[in-house]
1. Give me the percent of the accessible area of the range A:166-344 that comes from carbon and sulfur atoms, probe 1.4 Å, all protein chains in place.
2. Can you compute the equivalent ellipsoid semi-axes for the range A:310-386, i.e. the square root of 5 times each eigenvalue of the Cα gyration tensor, sorted largest first and rounded to whole Å?
3. Taking residue A:418 as the anchor, which lysines have their alpha carbon closer than 16 Å to its alpha carbon, excluding any fewer than eight residues away along the same chain?
4. I'd like the residues of the range A:412-429 whose 1.4 Å-probe accessible area shrinks by no less than 40 Å² going from the isolated chain to the full set of protein chains.
5. What are the residues of the range B:84-109 that lose 30 Å² or more of accessible area, with a 1.4 Å probe, going from their chain alone to all protein chains?
6. Accessible area per residue for chain A in Å², computed with a 1.4 Å probe and the full protein assembly in place, what is it?
7. Using per-residue counts of other Cβ atoms within 10 Å, averaged over each peptide, order A:416-422, A:368-374 from highest down.
8. Considering the Cα trace of the range B:31-124, what is its radius of gyration and what is Dmax, both in angstroms?
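The values are calculated or read from the model by the stated rules, or taken from the named source; none is laboratory data. Just so it is clear, the model here is predicted, and its values are computed rather than measured. Note that we place each Cβ from the backbone using ideal geometry, even for glycine, and neighbour counts take in every protein chain shown. Surface areas here come from the heavy atoms of the whole protein model, side chains and all, with no ligands, DNA or RNA. Shrake-Rupley method; radii C 1.70, N 1.55, O 1.52, S 1.80 Å.
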Amino acid sequence: MEHKELDRMVEIIDHEIKKQGISRRDAMKMAAAGSAAFMMGGTSASAATTAHAGDVKGKILIVGGGLAGISTAARLTNTLSNPDITVVEPTDTSVSYQPGQTLVGAGLWQKSDITYQTKDFVPSGVKMIKDKVVEFNPDNNKVKLASGKEIAYDFMIVAAGVMLDFGKINGLEGVITSSGENSSARKIVGKNGISSIYFADGAVDTWANMQKFIEDAKGGKKVKGVFTHPNTPIKCGGAPKKIMYLTDARLREAGARENADLTFYPNGSKMFGVTEYHNAITRQFEDRNMQWNYRHNLISVDSAKKTATFNRHWKEKGPWDEDLEEYSIVMNSKEVEVPYDFLHITPPMKAPDEIAKSPIGSAKGWVPVTKETLQHIKYPNVFSLGDIAAVPMGKTGGSARKQYKVVVENLISQANGKELKSKYAGYTVCPLITSIGTVMLAEFNWTKKPTPSFPFDPTQERWMWWLLKYYALKPMTVYGMLSGRA
Amino acid sequence: MKKINIAILSAATALFLVGCGGTPDAGEAISYSKTPKEVYDQSCKKCHGDKGEGNVKKKSPALNDRQSQELELDLYDVKNGGLNQSSGTDHDVMEHNMQKLIQKGYDYDPKAMAEFLEKSFYKNGVKAAPKVEETPAEVPTTTETATDANATVAAPAEEAKPQ
């Protein structure tokens, strides 16, 4: 981290602390206590998993060794006596800290700050296989790996991730993962202002592109920044906005904000599914003179012309519908071409084909589970969590942090013929970075109401959450979650 | 600045020793004036068909090809306008219609409706996830389904597989 940001942060913190009339020492205590409460509290699984809950005999196969898969493996290892656990994961750095990619994209962290080697986090006794499952045969409790090897299991936990489908956008290529091989996507993404923080190398390139963008603005050029959000479920629903807030902050820091137009083009028609957060975000956008155009889905990028083409769609009044006893609504759309200097792409995301099209997949691709128990809807000895699971609103590390405990408890219950009592309530969290030094900690669940862990107004931007995001969440995730304890 | 790091990291370290507390949040209780069957028979049926088979002409999708957990996600989407911050919804038109239908009293709990739809219309029943300590999947009760030649009754809950 550069000293400039450090100094600025300390300045902000001191200013805030003074405003509240407390000492810095007390403030730090509060932040620490707050962080502790954050990791412990929440609205989902009771931690009642105990050594006496029952044991699991038989082979447990975990497909995917990212944050969700390794945390689950670790908790099973902590909980069971002498478990037989195998994890299949193709990427060496699968446990890298993806939430930090936003900070890398804005030049606040380095890629080395977020890169972690999976082998360093494999719980003792767990067998890691560097390979990929290419065929699922759940009726016979078997999978086949790319190497041709077959693995039989008694229980399977599907904790694979999402595919970033850049290739779905005309002019771009590649279906990649966050920390895996990405040369296809990088042919175009990362150069000439085209950026994406959704993969680690892309985040590094984003910072290079952003610096150029800011230099141009500083030199007096009128520049346009365009930020997209696709029509698919995505991981970390806040990241498309966070990188925009940070671009705004970097432009202000450079004294060049007035030369830049920043516009958000989401496919949807709101900022956030939770009204309170939606209202807070629109207010923050207005305060920063950041623009938005709803109902725009990116379909094409012309890197030579520097234009992005969107499908703009809207509802129109249609003919009278006798069944509905109302005028019907019909969809209409047209293509809109938008010039850019800096384009941040949030790619469409999908389940890997080998899962989506297998018997454990679904029409939409995601692994269908009972959303509370995380048990597969067809195969009782299969569970799923993390980005690949079909649950509403999930796909964050915060969701996985609640889900893996539920999976472990319910798998043990299932193995012992007991009722699956542990329930996931849909908790997820979006520490929405609103500037360098402030974060709005948006926590919510399926009730679509804010579910704050702290007794503060959750719609306010606070420096304390910045401390949480900037300093505490990474060690808590990397050392707390990956060891199966937090 | 180092002090900040130390303070927060020590808090994080302390966490290693503690578990996770809290109780499940069941959400707000909403009561509905009609049962899922009443809502379906009086409203949904007009477009989605007697047996949930859908209506191509009206662009109404079939509801008999998915199990309740998948249906529930779609119904949740229809009622909430999308499952992600700004991704939008797969159900633009139905989202609008649903608001109108709610005004007319045809509101429902997505989970209860999804379970009704699966029980009554699901046609690809292979095997249902066992519901331990609950009654096994019931034979469809509505007369429409009972006469549906295509309907295969969902297999009774299997025993938990490996022990």
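1. Values: 3240 of 7150 Å².
Within the range A:166-344, the accessible surface is 45 percent carbon and sulfur.
2. Details: eigenvalues 249, 131, 21 Å².
Semi-axes, largest first: 35, 26, 10 Å.
3. Those lysines meeting the cut-off are A:57, B:131, B:161.
4. Relative to the lone chain, where solvent access is computed with a 1.4 Å probe, the range A:412-429 loses at least 40 Å² at A:414, A:419.
5. Residues shielded by partner chains are B:84, B:85, B:86, B:87, B:90, B:92, B:93, B:96, B:97, B:100, B:104.
6. Per residue, chain A has 36 Å² of solvent-accessible surface.
7. Result, highest mean first: A:368-374, A:416-422.
8. 12.5, 35
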